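One structure below.
Bear in mind these aren't lab numbers, they're just calculated from the coordinates by the rules spelled out. Quick caveat: nothing in here was measured; it's all calculated off a predicted structure. Counting neighbours? That spans all protein chains shown, and the Cβs are built from the backbone with ideal geometry, glycine included.
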Amino acid sequence: MTTEQLTLPRSPPISPTPSTRPLVISLVTLLTGVALWGVGVSRIKLGRMNDFGLVSVMPIEVVGALLLVTLSFVITITMARARPILVLLDLAVLVVMLYGLFAFAATEPTGEVTWRHIGIVDYVRRHGTTNPQIDAYFNWPGFFVVAATAVKLLGADSAIIFVRWASVVLNVLYLGPLIMIFRSLTSDRRLIWASVWVFLITDWIGQDYFSPQGFTYFTYLTVLALMLTYLSSSTRPRPAWISRIPFLSPWGEAQSARQPPVPQNISRRQRGFLVGTVAVMSLATVPEHQLTPLAILLAMTTLVVVRRFDAWGLPLLLATGIAAWSMFPASEYFAGHLSVLANEIGLGTAVSANVGGRLQGSHDHTLVVDFRLLYTLIIWAVASFGVLRRMRSGHWDLSAIALTIAPFILIVLTPYGGEMVLRVYYFSLPFVAFFCAAALLPSASSSRTLGATRLFVVLLLLIGGFQVARYGNAAYDYFTPQEVAAIRHMYAVAPPGSLLVAESPDLPWKYRDYENHKYALVGTNIWQTGVTIKPFNLRALIRSVTTLINQNRRRGVYVIVTRSQSIYLHAAGNTPPGSLDRFARALERQRGVKLVFHNSGGWVFTSGAEGATGG
């Protein structure tokens, strides 16, 4: 027997099959990104942010982590089979990286409004009722009543326990109805997952926090999902006139119009139950938020008009509920603001308040605002291209197009405190994200590697834009432990009925004893007229504060000056750096004014004779 005959054949090396290798690469890339992100978050120094916000202190490790998780997602949906478990893992990691960053990096809740919401919940928890005389929020108390009940059931002292992870929890909740919505629009799994991803990386307006709008938005998405799936009356074919328009006609080997999946057959009893569920969920938003019920009403009416939803009685029911709440429980608010609301109706007023009023401030801050406008316009432009691309490939997305346009009707109703354009963007975002994803996904005829590379680059650019647009205000939304300590000392020493004075609204107050104190802002009143910002005037500020002190000596006046106020007023463009430090030192020299607390976060002054302390 020869040597060759004695030699055993070598076994081929064990390696993943071609279909498995991309999945392994995707998973390893994702886990590496998670580890890198953990290292980066520990190095973030939020106290060093400038007017560019979070991007000014973002470590390179966090940037690298976002790059890797994006790469993992692109590999999963383009180079391998889009397995739901791995895609959902990518999405969950993205949610934590984008929306949970402050939960890890900050020690105190961010955003002045968050603290105010904590205070309203505290009032409801202590009194078991609401009081519209104290605050307009009590005209729509549903969210606060539910939160107060949850605080009581958990035996907690404050709603602050819900705040840290609110954005992460809400965005995880949004995933379910979003997937249902996108499944009602297409049977392409790649497009479904890409639409969810684009939604997450373009939701920059920051309404997903501990707030009525954050929680009612989940209701809005769920109602849309049920109407577009189980309660969908039909899937309409592409209109014949589209084929006669050369620009919209499919190119070359165009596929015939392919409809989204027809919802499964359900019994009349099941349909009745779902219609009732939609009715209850929609009506439940009426006492929770001013705007969300109107957005749901517009969506319902739109789907009835385009014949995708035939329960026409639901829009009438919801409209009746909105009118009844406005005329009775919220009547005091509308009676006191009717003339103001009437004057705000119109496109010109809305544009002035939503756009003109925001294009002011420090150089860096105005760059952020300009970038937000540009970023939003780019997203809408990409979505428009996606609409045309879907039409040219034979898909007539009438329902999605109509639901994209419908929220714009809200703009002419009211500026909504200069935020209506943001809210319109928010309510139309699911469908804008769908069309953006349709524009970005590589076609079946293109090179898989080249198409995946293009998709990866564009998604990465959108994530970069998200960081600037969403967290551009993070410098004055962030509160240090020292600032919170100063506010807590103020509440500890201020007797009930005191007047609490600040220069700007951006500070962590109103979180307790909501009804026991009066509040005043002096800097905003001095330096802003309408949407016009005037220069900082130290003498006018001192004069305004001393006047308040002299007028309210019997009740006691406490003036709080904090780091976040200084940053806010500098970003607004009317105070040079260090101006509030000068104000604090000047106030300390005023007769009848005593410094009662000072640390690195702020100063607390009073008109009483209490001695100064530090912390």
### Query
How would you classify segment 479-614 from its alpha-carbon gyration tensor, with a ≥ b ≥ c the square roots of the eigenvalues: rounded for a/c under 1.5, else prolate if a/b is greater than b/c, otherwise oblate?
rounded
### Query
Under 12 Å from a point 7 Å along the Cα-to-Cβ line of GLN590: which residues of segment 544-577 have their amide N that close?
544-553, 557-561
### Task
Taking 7 Å along the Cα-to-C-beta vector as the label spot, tell me the LEU153-ARG555 distance in nanometres, rounded to one decimal.
3.8 nm
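Please arrange THR404, THR110 by counting, for each residue, the other beta carbons lying within 10 Å of its beta carbon, fewest first.
Values: THR404 23, THR110 26.
Ranking THR404, THR110 by Cβ neighbours within 10 Å, fewest first, gives THR404, THR110.
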### Summary
Under 17 Å by backbone N from the virtual spin label 7 Å along Cα-to-Cβ at VAL280, the residues of segment 185-219 are 219
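Taking the Cα centre of segment 479-614 as origin and charging only Cβ (+1 Lys, Arg; -1 Asp, Glu), how large is the dipole, in debye to the nearest 20?
Values: 16 positive and 8 negative charges, 90 e Å.
Around 440 debye, computed over segment 479-614.
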### Task
May I ask you to compute the full-extension gain from PHE385 to ALA92, defined as 0.36 nm times their residue separation minus their alpha-carbon distance, rounded to one decimal in nm?
102.6 nm
### Task
Kindly put MET490, MET281 in sequence by how many other C-beta atoms sit within 10 Å of each C-beta, fewest to most.
MET281, MET490
#### Entry: Cα-projected label distance for THR547 with SER600, points at 7 Å along beta-carbon direction, nm
3.7 nm
### Task
Over 26 Å between C-alpha atoms is what I'm after, so list which of LYS152/LYS510; LYS45/LYS518; LYS518/LYS594 land there.
LYS45/LYS518
### Task
Please report THR575, THR449 as a ranked list, fewest other C-beta atoms within 10 angstrom at the top and most at the bottom.
THR449, THR575
## Note on the structure
Taking the alpha-carbon centre of each part, the distance from segment 540-587 to segment 33-76 in Å is 36 Å
### Query
In segment 467-481, which residues have a backbone nitrogen under 14 Å from the label point lying 7 Å from LEU521's Cα in the Cα-to-Cβ direction?
477
